[in-house]
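Worksheet: one structure, shown below.
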Amino acid sequence: MKWFKVDDINPTDTFIKKIKADGKNICVVGYEGNIYALAARCPHAGEDLSRGWCKDGKLVCPVHRFSYSLENGRGSTGQGDYVRTYPVKISNGNISVGVSSFWQKIKGLFGPDDSLF
Ligand code: FES
């Protein structure tokens, strides 16, 4: 997994910031003292979720108001969709988002043993 530092953010603030990491657009969200990272493209019709807002622990799309859990990316009841989430770490006040490559995800399907690859 590669870690990408998110610049110009105070981890204690409330914010939604879009970053590009490993070719992916990711929303980094500060909400109620926690930091989350979710895919920035709304799966409903492709809107940029970084233009949305947070409510009740969810990221709300500004176009048709579909909403996605900040914790796990699941769409709200009845939507039947989700957005990918990414791990976040905070070290010395710096926020980093972890992104796995396609091959790292495939390797993860076979467990932690790297000897097969
Ligand atoms: S584009 Fe996001 S809810 Fe429709």
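Bear in mind these aren't lab numbers, they're just calculated from the coordinates by the rules spelled out. Computed from a predicted structure; not experimentally measured. So basically every Cβ, Gly included, is an ideal-geometry build from the backbone, and we count neighbours across all protein chains shown.
Anything over 20 Å Cα to Cα? Flag those among Lys20/Lys107; Lys18/Lys58; Lys17/Lys58; Lys2/Lys89; Lys2/Lys24, in the order listed.
From Lys20/Lys107; Lys18/Lys58; Lys17/Lys58; Lys2/Lys89; Lys2/Lys24, over 20 Å: Lys20/Lys107.
Roughly what would the spin-label model give for Asp48 and Met1, points 7 Å off Cα along C-beta, in nm?
With each label placed 7 Å out from Cα toward Cβ, I get 2.7 nm.
Can you figure out the FRET efficiency of Asn25 with Ile106, using R₀ = 25 Å and their beta-carbon distance, to the nearest 0.05? Let's see the in-between values first.
Values: r = 22 Å, r/R0 = 0.89.
Efficiency, from the Cβ-Cβ distance: 0.65.
Which three extents, in whole angstrom, do the alpha-carbon atoms of the chain cover along their principal axes, largest first?
Projected onto its principal axes, the Cα set of the chain covers 46, 37, 22 Å.
So how do 24-30, 60-66 stack up, highest first, on mean other-Cβ count within 10 Å?
24-30, 60-66
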